[in-house]
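Reviewing the structure listed below.
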Amino acid sequence: MNQPISSITVLNLHIPTPTGSSPIHPVLLRDEDGYTLVDTGMIGQFAELQSALKQLDVTLADIKRVILTHQDIDHIGNLGALLDAIPGLEVWAHAAEIPYLTGAQPLIKFTPERRALLPAPVLDLADQLLMQLPEINISRILADRDILPLQGGTQVIHTPGHTPGHLCLYFGEQQFLLAADELRIVEDQLVGPAPPATPDMPEALRSLNKLTSLNVSKVLCYHGGEYTQDPEKRIAELAANPKA
Ligand SMILES: [Zn+2]
């Protein structure tokens, strides 16, 4: 670890889309024992992830663990490459995601239709990752309300629906809610999870209620970035009326 960086750093990676590219936001946490990466980016993005880390003067060897908010390929995409590159890297995830993350069950949303959207080289990397999954050791099984020894106490919030073991993380000292895919920003407005990518929408909407008791001054959406316009009020609105 070289120069100091703030303890929570939001990364900006880009997923190519037919009309350009769409940003996604893994997060790097700095704690005394090293760095924790929350989500790893999309399959095929390892070079972009490495260069984002390099810009922060963080080497791969500084990363001690990865927290996976859920199994989707834009979140676990570089897990295999990270495990190959970092001996002893820990992987933390919710119990309900483990059958998927260890290959015992197929990834819920990585269907033939979605595979068909990926270019051949990325598909090859996806298949490599899927083959690696059974070798993955989940070092710590996360549960709702766990307080993790990161950032002075980070709360795990199990928010099922988008996937069975989807997690949000809450950094109380910073009043910072890492919402992963439970919340999005669309046209500058905070909204709930994306229906086409959320197999159990009713459950995902019920999960919003778990976020209403938090003091939140900033929300980070994996898709959409940071939202700071009175997020508590907006989260309460969404929980009461998800179509708001
Ligand atoms: Zn997702």
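Just so it is clear, none of the values below were taken in a lab; they were calculated from the coordinates. Because the structure is a prediction, the values reported are computed rather than measured. Cβ: placed from backbone, ideal geometry, glycine included. Neighbour counts: every protein chain shown.
Once you keep just the Cα pairs under 8 angstrom separated by 6 or more residues, what percentage relative contact order results for region 8-142?
21 percent
If the cut-off is 22 Å between C-alpha atoms, which lysines fall inside it for Lys233, apart from same-chain ones fewer than 8 positions away?
Hits, sequence-local ones excluded: Lys210, Lys218, Lys243.
Taking only the alpha-carbon atoms of region 39-147, what semi-axes of the equivalent ellipsoid follow from 5 times the gyration tensor eigenvalues under a square root, in whole Å, largest first?
Sorted largest first and rounded, they come to 21, 20, 12 Å.
What are the ³J(HN,Hα) values, in whole Hz, obtained from phi via the Karplus relation 6.51 cos²θ - 1.76 cosθ + 1.60 with θ = phi - 60°, for each residue of region 53-61 in sequence order, with x given for Gly and Pro?
Each residue of region 53-61 in turn: 5, 4, 4, 8, 6, 9, 9, 4, 5 Hz.
What number comes out for the charge environment of Ile76, summing +1 per Lys or Arg and -1 per Asp or Glu over other residues with Cβ under 10 Å away?
Charge balance in the 10 Å sphere: -4.
How high is the relative contact order of region 147-240, given as a whole-number percent (alpha carbon pairs under 8 Å, six or more residues apart)?
Dividing the mean separation by the residue count of region 147-240 yields 26 percent.
So, R0 is 25 Å and r is the distance between the beta-carbons of Ala194 and Ala47; what FRET efficiency does that work out to, to 0.05?
0.40
Pick from Val66, Val58, Val38: which is most flexible by mean-square fluctuation in a GNM of the chain where alpha carbon atoms under 10 Å apart are linked?
Result: Val58 has the largest fluctuation of those listed.
Determine which aspartates and glutamates satisfy two conditions relative to Lys109: a Cα distance under 19 Å, and not lying fewer than 8 residues away in the same chain.
Within the straight-line cut-off, Lys109 pairs with Asp39, Asp72, Asp74, Glu97, Asp124, Asp127, Asp181, Glu182, Asp200, Glu203.
Remind me, relative contact order of the chain in percent, using alpha carbon pairs under 8 angstrom and six or more residues apart?
Relative contact order for the chain comes out at 14 percent.
To the nearest 500 deg cm²/dmol, what mean residue ellipticity at 222 nm is calculated for the chain from DSSP H runs of n ≥ 4 alone, each contributing -39,500 (n - 2.57), summed and divided by the residues?
After summing the helix terms and dividing by residue count, I get -6000 deg cm²/dmol.
Around His166, which amide H atoms from residues at least 5 apart in sequence, or from another chain, sit under 5 Å from its own amide H, with H modelled in the peptide plane?
Sorted by chain and number, the residues that satisfy this are Thr159, Gly161.
If the elastic network links every pair of Cα atoms under 10 Å, which of Pro199, Pro119, Pro160 fluctuates the most in the Gaussian network model of the chain?
In the Gaussian network model the winner is Pro119.
Check which residues have an amide H placed less than 5 Å from His14's amide H, if you skip close sequence neighbours.
It is Ile24, by chain and number.
Within the chain, which is the longest segment containing none of the GluC sites (Glu not before Pro) that sit in a DSSP loop and have at most 13 other Cβ atoms within 10 Å?
That would be 33-186.
Add +1 for every Lys or Arg and -1 for every Asp or Glu among the other residues with Cβ under 14 Å from the Cβ of Asp230, and state the total.
In short, -1.
Have a look at Ala120, Ala194, Ala61 and tell me which one the Gaussian network model of the chain (Cα, springs below 10 Å) gives the largest fluctuation.
Ala120
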